[in-house]
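As structure tokens, the structure follows; a few thoughts come after it.
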């Protein structure tokens with residue numbers, strides 16, 4: 001289960017380690033830190049956010065694209081990782 005950790009001096013800005021890719025991702029629930037915000041149930045041990053979180057990145061000399069779609073409904077952390085070769 002991914003656990004949210006609030007970023008120091010950033011109320012409503014959380015990080016978590018993705019069990020799919022092992023990287024840290026961020027979720028902003030406070031409009032003070034930017035326009036993109038997520039609804040959050042307030043439970044850092046069993047987080048639920050809405051809408052889902054889409055993470056994309058490009059890597060390697062051939063510029064492969066990776067997509068991770070994080071779905072966090074009803075306090076269960078589900079994820080789907082899709083790889084696409086360019």
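Each reported figure results from applying straightforward, stated rules to the coordinates on display, with no laboratory input. Predicted model only: the values in this text are computed from it and were never measured. So basically every Cβ, Gly included, is an ideal-geometry build from the backbone, and we count neighbours across all protein chains shown.
Spin-label model, residue 37/residue 3: points 7 Å from Cα along the beta carbon direction are separated by 2.7 nm.
Working note: Cα gyration tensor of the stretch 1-57, eigenvalues times five, square-rooted, sorted largest first, giving semi-axes of 17, 13, 12 Å.
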